[in-house]
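Down below is the structure, laid out as structure tokens.
The values are calculated or read from the model by the stated rules, or taken from the named source; none is laboratory data. Since this is a predicted model, take the numbers as computed values, not measurements. Backbone-built Cβ (ideal geometry, glycine too); neighbour counts: all protein chains shown. Accessible surface areas use protein heavy atoms only, side chains included; no ligands, DNA or RNA. Shrake-Rupley method; radii C 1.70, N 1.55, O 1.52, S 1.80 Å.
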Amino acid sequence: MFLRKPRPDPAGPEQESVWSYPRHPLLEPTPKRLEIWLGGVKIADTTAGYRVVETSHPPTYYLPPGDFLPGVLIPAAGQSMCEFKGQASYWTLSAGGRVEESAAWSYESPTPEFRGLAGHIAVYARRVDECRVDGEVVTPQDGGFYGGWITRDLTGPFKGPPGTLGW
């Protein structure tokens, strides 16, 4: 069954529509402050991250591994393949007595277009206590596969809920 592209929500002042993002993902450095908590502990804090934007998806943020607390990142089993970024490796996160298996991923040897991501870590917001962008607590993107962080400066609709796979 063919699913039609949904009608984008109107964007207000200082908002981005995820429907204005390119179809093939785009890598952008971001100076925004990115923070992550797990087990009541702030496990990562950076202003040197990247974001990947793609049509219908909220941005996925990638943080330098050196901006995570020591011992938080544990290599996890499993890999996946992205047609644009290459082969992903997974990470278990551990802090404050809480362990989240395969709650983060990275591209150790990404494709040339995404070489800036090499070794940077993305985290599923729904698998940790909280993620923030410039102090704003994010809403996790729906769906078990997606890792976007939704902030109030974005408009959708966002890919992820049931029925959106064909977008």
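Of the numbered conditions (1) assigned to a strand (DSSP E or B); (2) farther than 20 Å from Asp67 by Cα; (3) of a type in the set (Gly, Ala, Ser), Gly144 satisfies every one except a single condition; which is it?
So the condition that Gly144 fails would be (1).
Select from segment 51-67 the residues that are closer than 15 Å to Ala104 by Cα and hydroxyl-bearing (Ser, Thr, Tyr) and write down the one among them that is surrounded by the most Cβ atoms within 10 Å (Cβ to Cβ).
The selected residue is Tyr62.
Just one of (1) open to solvent by 50 Å² or more (accessible area, probe 1.4 Å); (2) part of a strand (DSSP E or B); (3) in contact with a Pro (Cβ under 8 Å, 6 or more places away or on another chain) trips up Asp9, so point out which.
Of the numbered conditions (1) open to solvent by 50 Å² or more (accessible area, probe 1.4 Å); (2) part of a strand (DSSP E or B); (3) in contact with a Pro (Cβ under 8 Å, 6 or more places away or on another chain), the odd one out for Asp9 is (2).
Restricting to segment 67-88, count the residues that are closer than 25 Å to Lys32 by Cα and not hydrophobic (A, V, I, L, M, F, W, C).
4
State which residue is farthest from Tyr107 (Cα to Cα) when the search covers only segment 70-84 and only residues that are open to solvent by less than 40 Å² (accessible area, probe 1.4 Å) and in a loop (DSSP other than H, G, I, E, B).
Val72
Just one of the numbered conditions (1) under 30 Å from Lys5 (Cα atoms); (2) aliphatic (A, V, I, L, M); (3) under 15 Å from the mean Cα position of the chain (by Cα) is not true of Leu165; which one?
Here Leu165 meets the rest and fails (3).
Of all residues in segment 92-128, which are open to solvent by less than 20 Å² (accessible area, probe 1.4 Å) and assigned to a helix (DSSP H, G or I)?
Hits for segment 92-128 are Phe114, Leu117, Ala125.
Considering only residues that are among the hydrophobic types (A, V, I, L, M, F, W, C) and in a loop (DSSP other than H, G, I, E, B), which ones fall in segment 147-167?
Hits for segment 147-167 are Phe158, Leu165, Trp167.
How about segment 46-69: which of its residues are assigned to a helix (DSSP H, G or I) and under 21 Å from Glu136 (Cα atoms)?
Within segment 46-69, just Asp67 meets the criteria.
Could you check, for segment 72-82, whether at least one of its residues is touching a Pro at 6+ places or on another chain (Cβ under 8 Å), at pLDDT 95 or above and under 25 Å from Lys159 (Cα atoms)?
No: segment 72-82 contains no residue that is touching a Pro at 6+ places or on another chain (Cβ under 8 Å), at pLDDT 95 or above and under 25 Å from Lys159 (Cα atoms).
Which ones in segment 143-157 are crowded, with 16+ Cβ neighbours inside 10 Å and either within 11 Å of Ala125 (Cα to Cα) or free of Cβ contacts under 8 Å to residues at least 12 places away in the same chain (or both)?
Tyr146, Gly147, Gly148, Trp149, Ile150, listed by residue number.
Condition check: under 18 Å from the mean Cα position of the chain (by Cα), touching a residue at least 60 places away in the same chain (Cβ under 8 Å), over 26 Å from Gly156 (Cα atoms) and open to solvent by less than 30 Å² (accessible area, probe 1.4 Å). Does Leu34 satisfy that?
The answer is no for Leu34.
Could you please give the count of residues in segment 40-71 that are of a type in the set (Gly, Ala, Ser) and in contact with a Pro (Cβ under 8 Å, 6 or more places away or on another chain)?
Total meeting the criteria: 3.
Could you please let me know if Arg23 is crowded, with 18+ Cβ neighbours inside 10 Å and either within 22 Å of Arg126 (Cα to Cα) or not aromatic (Phe, Trp, Tyr) (or both)?
no
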